[in-house]
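Take a look at the structure set out below.
Since every read-out is calculated from the coordinates, none of them should be taken as a lab result. Computed from a prediction, not measured in an experiment: that's the story for all the values here. So basically every Cβ, Gly included, is an ideal-geometry build from the backbone, and we count neighbours across all protein chains shown.
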Amino acid sequence: MKSLKILFLILFSSFSVIQITDAQSDGGRLFGNLEMNANFYMRDSAIGADNTPQYDNQLFGVDAWLTLNYSNWGFDFGLRFDMFHNSALLNPTGSYNDQGIGRWYIHRRIDDLSITAGYIYDQIGSGVIFRAYEERPLLIDNALFGVRLAYNLTPDWTVRAFTGRQKRQFDTYGSVIRGLAIDGFYQTSSERPISFAPGFGVVARTLDNNTVDRLVNTLRFYTPMDREGIDITYNTYAFSLYNMLTAGPISWYVEAAYKTPELIFDPFALREDGLGGMTQGKLVQESGTVFYSTLSYSASGWGITLEGKRTEYFSFRTDPQLELNFGQINFLPPMSRQNTYRLTTRYVPATQELGELALQADVRYSPNRTWGFVGNFANITDLDGNDLYREYLLEVRYRYQRKWTLTGGVQRQEYNQDRFEGKPQAPIVETLTPFVEFLYRIDRRRSLKLEAQYMDTQQDFGSWLFLGAEYSIAPRWIFSGSLMYNSDPVLTDEILYPTLSVVYNTGANRFSLSYVKQVEGVVCTGGICRLEPAFSGVKFTLNSNF
Amino acid sequence: MKHYLNLVYFAFFTSVLILFSACDEKEVLIPDFVLPDSDRVVVIEELTGVRCPNCPGGSRELKRIQEQFGDNVAIVGIHSNILANPFPNSKYDFRAPFNDQIQDYLGLPIGKPSAYINRRFFSNENNRAIPTVGSWAGYVAQELESFATLEIDASHNFNPESRELDISLIINAKSLLEGRYQLTVYLTESGIIDPQLDQTVGVIEEYVHNFVLREVLTNVTGDVLPDVLNPDQPINRAFNFTIPEEDGWWNVSNMNAIAFVTSYDVENPDIREIIQAVQFSLL
C-alpha cells in the first residue's frame, strides 16, 4: 500500500508547478480495486466451443483492470491499467491482445467550478443523447477523452460542458464530441411538496476528415437513386429535454430527444447493387427522435412502474459506418425486465436504435412480510408494427419467518430471433418457463438455495431443464453447482451443460473458481446485447478492493 | 429566486449560441466514380460461408466491384470455419485448412461477410477484415490512387489430358525495394452450384458460388522473397499443380490464378500490404 502511494506521489509530482494557494496536503487517500478474469479453454465441438484461437491454440485468456485513485491537495487523480491477453471480449470469435493505461483523469474543484481532464464517464438525462460509460462484460468503454467543466449556478442548478474524443481501446476515434447540459431542481413549498428535476442537454459530433472521406468513398459507388437526398455534414446535433417529477408516492420521468439529419447505416434498407438486383444495408440520411417516459407509484406495499419508449432512427455513433456495439455515443434504455434466473434470461431483447415502440408494466405487491407478488408485461414492436418481443411474468414469494423463502413463477416469451440475433427466417421463439427457488437458512451463517426451471419451446435449441444448488457459509464460502439440460433438442443432441463453482471471500478479496459448460446465447448488460458463442472450460475471477 | 433564474437563462442561451454559432457548412461533394488510371491490381479476400446469411449480399457487391474495376481487382472467396459448415444436402464442402490459416494469419473478422482489401489495416477500422460491405469499393478506389512499385508477369500452360498446370512468374521491381516480401499464389473457381443461406429468402438450393479459393500453390502465408528487390534482377518463380478430375467442380474453364506480393513488417504485424497482383484465367 505504501509503495503504491509513493508511485502516485512520483506520478503526480509534475503537478507541483500548479500554484495551489489554498489546497494543502491532507495526507492523501489512495484506494482502488483489481478485477481479473482468467479463462482456461477446453474445446468441446459438440456444443460449438471450438474454431476460435482460444480453443484451437491459445487455451488461456485473461482480462484485468487495476484501478488506482488518489485524492490530495483538493485534487482527485485516477489511473487504470487494462490488460487483455487472448481475450474474447472485443470479438467473441477472435482474440484480442493489448495492455496499457486504459484510463487516467485529474479532477479539481475550485469553489463552484469542477474541472475534469482525461478519460471521463458522464451522461445527460437517461443517456439518450450522450452516455460515456463502461460495460466490462462486453468490453464497452465509451469514455470521453477530453475535458469536462461543471459549474453550480445556484445550489440547485448546474451547468456542464465537455469536449473530447471517444475512447477506442487504447486509442481514440477521430470525431470530436462536445456537449452541454443544464440540470436543476425545484421543489414547491406546500405541505405536500412537489419536486421537479428538469434538464436540457445538447451534444454535437464533428466528424473527422478521415471519416468523411470514407463516407464519400462509400457513397460515390451508390447509384444516383440511392444517393438521392444525401448531404454529408460534418456536424450532427442531438438535443434532449427531460424532467423528473416527484409528488408523494408518484415519480414521473419524461424525456424527449431529437437528432438532426445525419448519415446512419440502416442494415434493413435495400440498395441497388448495380447488377439489376438489390442488396440489404445502406447509408441513409435521417433525423432521429426518442420519446421515453417512466411513471412509478410506490406506497402501501404497492410498487407500480409503467414505461414507454418510441425510437426512430436514433443511431448516434462517433462514425456512422461503425456497427454492433462500437462507437456508440448514446445509450437507449432497455425496455424489458432484467430477470435473474438462468432460463428466464436466455432470450433478452437488444435495444433497437433504428425503430422500436416499447411498453412495459411492472406491478409489485407485498401485503405483508410473508407474501410478495410480481407481475410484468413487456411488448416491443418495430415502427411497422412487427412483433419483436413480448413477455409476461408472474412471480409469487412466500417467506416463512426468517427460516425459509419460496419463490415461484412462470414466464412467457415471444422473441424475434431473426431480428435480435440476425438468424434469417428463424421463427419467433415462443417459450413458457416455470421456475421455483427455495432458500433455506440453516442458521445465521449457513444457507442453502435450490432452484429449478424448465423452458418449454419448440424453437431454437428446443426445451431446457435447469437445476441449481448453492450452499453458503457466510461470510467466506459459497459452493454452487448447476445442470442445464437440452431435454427436447432441436439443433443438437441431448447435451448436458454442467457448472461447478466455489467462491471464497476474505476481507476485501473475492476469489471465484468455476468449471463452466455454457450454451451459445445472447449476453446483455443494461440493454446492450451481443451473441456470445458457447463456452467450455474453467474460469477464475479475482476481485480485490483496497 | 429571480437571480437564480436569470443565471440559468444566461447559461442556457449562451450555450445554445456557442453550439450553433456556425451551423452553415460548406457542401461536401460526392464525386461520380471514374476508374483511376492505375496499373495496380487490388486483391479482395472475402471471408464468407454457406451458412452466412448476409454473404450473398457481399458476393453481389464483389460482382459489382469486379464490373466497375475490371482488371484492377482480383477477388478471392475464403470459406473459413465460421458459418461455413455444409448443409446436409450440400454437394461440396468449401472449407479447407488453408482458409482457416489465412484467416488466423490476417486476423479474425467481427462477422461475415468481411473482406481484407490488399491486406491493409485501414486506420478507421477496428479489424483488418472490413465488415461494412458498402465501403469495400471505396477502399479499392483508395488503393488505386497509387501506382504499383513492381510488376508481376505471368505465363502458364495447362495440359487438358494430364490436367497439369504450370505457372511461371517474373517479379520485377520498378525501383530498388528493400524490406520483407512474400509471394502468394491462389487458384480460385467460380460457377459452383451448391446451397447457400440468404438473409431474405432462406436457403437458396442452387446458388452460384463465385471466387471460391480452391488451392494455395505457395505457403499459405506466402513464400519469402529476397529482402532486396532490384529492378535489374527479376525474380523467377515456377509452380506446378495437377488439377483434380472434374466432378462438378475443378472445372478449369471457371478457374483463375491470382499471384500477389505482400510487403510486411516482422516487428509490427499491423503493417502488411499487398503491393501488386496479377490474375489470369487458366483457360
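Brief remarks on what is shown
- Applying both filters, DSSP loop and at most 12 other Cβ atoms within 10 Å, to the GluC sites (Glu not before Pro) of segment B:204-281 gives B:E245, B:E246, B:E267.
- Positive-end ranking of B:S146, B:L47, B:N126 along the dipole of chain B, with charges on Cβ about the Cα centre, is headed by B:N126.
- Full extension of the chain between A:V538 and A:R136 yields a length gain of 142.8 nm, computed as 0.36 nm times the residue separation minus the alpha carbon distance.
- Leading residue at positive end of dipole, chain A (Cβ point charges), from A:M36, A:L207, A:N368: A:N368
- Partner chain coverage, peptide A:224-231 - average Cβ within 10 angstrom: 1
- The stretch between A:V363 and A:S71, if pulled fully straight at 0.36 nm per residue, gains 100.8 nm over its current Cα-Cα span.
- Length gained when the stretch A:R43-A:L394 is fully extended (0.36 nm per residue, less Cα-Cα span): 122.5 nm
- By the rule of a C-alpha distance below 18 Å, with chain neighbours fewer than 8 residues away ignored, the lysines paired with A:K403 are A:K449.
- FRET E, pair A:T246, B:I271, Förster distance 41 Å, beta-carbon r, rounded to 0.05: 0.10
- Each Cα pair under 8 Å and six or more residues apart adds its sequence gap; the mean of these over the residue count of chain A is a relative contact order of 10 percent.
- Dividing the mean sequence gap of close Cα pairs (under 8 Å, 6+ apart) by how many residues segment A:47-189 holds gives a relative contact order of 14 percent.
- Sites A:I101 and A:V147 - FRET efficiency at Förster radius 22 Å, r taken between beta-carbons, to 0.05: 0.80
- Which of A:G146, A:L357, A:T260, positive extreme of dipole for chain A (C-beta unit charges): A:G146
- About the Cα centre, charge dipole magnitude for segment A:283-385 (Lys/Arg +1, Asp/Glu -1 at Cβ), debye: 720
- Computed per residue of chain A from DSSP H runs no shorter than four, each worth -39500 (n - 2.57), the mean residue ellipticity at 222 nm is -1500 deg cm²/dmol.
- Three-way shape label, segment B:50-122, alpha-carbon gyration tensor, a/c 1.5: oblate
- Estimated distance in nm for a label pair at A:V436 and A:L406, the labels positioned 7 Å out from Cα along Cα-to-Cβ: 0.7
- Structure-based [θ]222 nm, chain B - -39500 (n - 2.57) summed over DSSP H runs of at least 4, per residue, nearest 500: -5500 deg cm²/dmol
- Placing R0 at 45 angstrom, the Cβ-Cβ distance between A:N209 and A:L295 gives a FRET efficiency of 0.50 after rounding to 0.05.
- Cross-link partners for A:K309 among the lysines, with Cα-Cα distance under 26 Å and sequence neighbours closer than 8 places in the same chain left out: A:K259, A:K282, A:K423.
- Think of each Lys and Arg Cβ as +1 and each Asp and Glu Cβ as -1; about the Cα centre, that makes the dipole of the protein assembly as shown roughly 4540 debye.
- Here chain B is assigned +1 on the Cβ of each Lys and Arg and -1 on the Cβ of each Asp and Glu. Its dipole about the Cα centre then comes out at about 940 debye.
- Gaussian network model of chain B, Cα within-10 Å springs - most flexible of B:V28, B:V208, B:V133: B:V28
- Backbone N within segment B:110-133 under 17 Å of label point (7 Å from B:F33 Cα along the Cβ vector): B:115, B:117-118, B:132-133
- When the square roots of the Cα gyration tensor eigenvalues are ordered a ≥ b ≥ c, the ratio a/c for segment B:112-212 is 1.5 or more and a/b does not exceed b/c, which makes its shape oblate.
- Based on Cα contacts under 8 Å between residues 6+ apart, segment B:217-283 shows a relative contact order of 27 percent.
- Interatomic Cα distance distribution for segment A:139-276, bins of 5 angstrom, percent: 2, 8, 12, 14, 15, 13, 11, 9, 6, 5, 3, 2, 1, 0, 0
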